């Protein structure tokens with residue numbers, strides 16, 4: 001029991017400590033995006049998958065979404081809602097040039113983590129006597145997460161040559177990365193759910209998840225207030 005609590009606490013603060021750079025593009029990946037021209041399907045598939053697997057904010061939200069889902073059918077439905085949402089805004093944002101302030105989008109992504117943890121704690125029913133439609137909420141937050149992805153790519157003023165093929169490839173890569181990440185999360189969740197302490201630590205896990213979401217949202221709002229325009 002104590003070990004499980006310590007593990008959850010450590011994981012939450014490790015994630016929170018890195019949330020501020022949850023899905024930025026840096027290093028050689030950034031250099032590639034600054035100079036790329038023409039269709040490059042393979043590299044954009046890789047970048048999309050890498051972006052999702054290392055996107056701690058997206059993973060925290062998905063962790064919250066599947067926390068109490070036991071059937072693979074239910075996992076597939078909710079993940080599809082999320083995937084459709086973020087695919088729409090990712091492609092629309094980059095291809096149309098529609099821009100949203102990245103700090104505000106990332107703050108909303110942080111609040112999406114807060115929302116899901118609060119929902120898992122049955123907070124809406126307890127405080128308000130009703131609960132939002134969970135599938136609609138996941139789809140809606142998927143739209144916001146997609147804009148978060150789009151803002152990172154918009155920073156590089158991507159060449160119009162091969163842009164459609166590259167963005168479709170990037171989006172497919174994101175979906176592949178999501179499948180990889182979810183597989184890992186489920187492999188960790190299944191034995192955790194089978195422990196005698198799962199019911200007792202589920203509340204703690206979601207409280208820590210909510211804390212991590214607030215850290216992300218607060219970090220981004222501070223960036224919006226005092227940082228450069230994004």
Within region 165-173, is even one residue surrounded by fewer than 18 Cβ atoms within 10 Å (Cβ to Cβ) and under 21 Å from residue 55 (Cα atoms)? yes
So, in region 184-195, of the ones that are over 21 Å from the mean Cα position of the chain (by Cα) and touching a residue at least 60 places away in the same chain (Cβ under 8 Å), which residue ends up surrounded by the fewest Cβ atoms within 10 Å (Cβ to Cβ)? 195
Any residue at all in region 197-205 that is in a helix (DSSP H, G or I), free of Cβ contacts under 8 Å to residues at least 12 places away in the same chain and either in contact with a helix residue (DSSP H, G or I) (Cβ under 9 Å, 6 or more places away or on another chain) or closer than 25 Å to residue 96 by Cα (or both)? yes
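Bear in mind that the values in this text are calculations on the coordinates, not laboratory data. A quick note: this is a predicted structure, and the numbers were derived from the prediction, not measured. Here Cβ is always computed from backbone atoms with ideal geometry, including for glycine, and neighbour counts include all displayed protein chains.
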